[in-house]
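Input: a single structure, listed below in structure tokens.
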Amino acid sequence: MPKKMFYNIPLEKQDMFINAAIDEFTSKSFENTSVNSIIKKANISRGSFYNYFEDIEELFNFIFDKVRKERFIFANEIIKKCNRDYFIFIKKLFAYDFDSYKSKGRYSLFRNFIHYIVVNKKGSIRDIIISPLNSDFMDSKENLPSVFDFKKYGMGLEESLDLIEMTMIIAVNTFLKSESDGLSKEEVLRVFNQRMNIIEFGTRKRDE
């Protein structure tokens with residue numbers, strides 16, 4: 001969490017600082033990020049940085065948690081319209097992410113955070129990203145199995161968390177493919193939806 005001093009500066013300066021940090025975390029893997037680079041982009045002193053955050057790792061986790069909470073707010077709105085169908089939900093959330101991050105060129109933030117989890121924290125996507133998501137629902141007196149109808153796929157909680165981890169990795173991969181191949185929104189949504197259909201329906205050709 002930021003130190004108290006961070007919240008004492010004007011919102012405009014907070015945004016400038018956070019945007020400079022996001023640019024750094026987007027363009028480099030965590031181990032190659034630099035406090036010096038961030039303060040140069042944000043036009044602040046090194047002392048100011050440490051008045052705001054304990055270290056660069058705390059800043060990185062704060063930024064990703066901020067993105068996660070923003071997505072959760074929108075996700076709750078999607079859930080109301082998807083009739084407990086996880087695959088309808090994830091396709092709509094992917095479209096939201098595309099609109100939210102395409103213009104900023106920040107898909108790599110997700111990739112770099114996953115890299116940070118696996119390489120630097122020696123942890124798992126499931127433990128560090130997905131389990132807190134389940135806790136978000138628990139805070140609202142719900143949990144993932146009650147929000148989505150995983151039973152129709154024969155899944156319990158553990159298997160449903162595995163499914164969410166798989167779809168998250170596919171989403172990040174598809175975002176990066178859209179950047180490298182210069183895909184339009186229509187094209188990237190088609191690719192992602194096809195990939196989700198393989199997960200939902202399997203690889204065998206289905207009878208018409």
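The values are calculated or read from the model by the stated rules, or taken from the named source; none is laboratory data. This structure is a prediction, so every number in the text was calculated from the model and none was measured. We place every Cβ from the backbone using ideal geometry, glycine too, and count neighbours over all the protein chains shown.
Could you check, for the stretch 39-55, whether at least one of its residues is among the aromatic types (Phe, Trp, Tyr), in contact (Cβ under 8 Å) with a residue 60 or more places away in the chain and either under 25 Å from Ile9 (Cβ atoms) or outside any loop (DSSP other than H, G, I, E, B) (or both)?
no
Residues being modelled with pLDDT of 95 or more and of a type in the set (Lys, Arg): count how many of those fall in the stretch 163-208.
2
Say we look at the stretch 145-162 and pick out the residues that are of a type in the set (Phe, Trp, Tyr) and under 20 Å from Ile78 (Cα atoms); which of these is surrounded by the most Cβ atoms within 10 Å (Cβ to Cβ)?
Step by step, filter the stretch 145-162, then rank; the result is Phe148.
Which condition breaks for Lys141 when tested against (1) modelled with pLDDT under 85; (2) in a helix (DSSP H, G or I); (3) not hydroxyl-bearing (Ser, Thr, Tyr)?
Every condition holds for Lys141 apart from (2).
Test each condition in (1) at pLDDT 95 or above; (2) of a type in the set (Gly, Ala, Ser); (3) within 23 Å of His115 (Cβ to Cβ) for Ser48 and report the one that comes out false.
(3)
Would you please name the residue that is nearest to Asn83 (Cα to Cα), looking only at residues in the stretch 154-208 that are of a type in the set (Phe, Trp, Tyr) and in contact (Cβ under 8 Å) with a residue 12 or more places away in the chain?
Among those that are of a type in the set (Phe, Trp, Tyr) and in contact (Cβ under 8 Å) with a residue 12 or more places away in the chain, it is Phe192.
Could you tell me whether Lys81 is at pLDDT below 95, under 14 Å from the mean Cα position of the chain (by Cα) and charged (D, E, K, R)?
no
Considering each of Phe60, Phe6, Phe87, Phe25 in turn, give the residue that is touching a residue at least 24 places away in the same chain (Cβ under 8 Å), outside any loop (DSSP other than H, G, I, E, B), crowded, with 18+ Cβ neighbours inside 10 Å and in contact with an Asp or Glu (Cβ under 8 Å, 6 or more places away or on another chain).
Selected residue: Phe87, the only one of Phe60, Phe6, Phe87, Phe25 that is touching a residue at least 24 places away in the same chain (Cβ under 8 Å), outside any loop (DSSP other than H, G, I, E, B), crowded, with 18+ Cβ neighbours inside 10 Å and in contact with an Asp or Glu (Cβ under 8 Å, 6 or more places away or on another chain).
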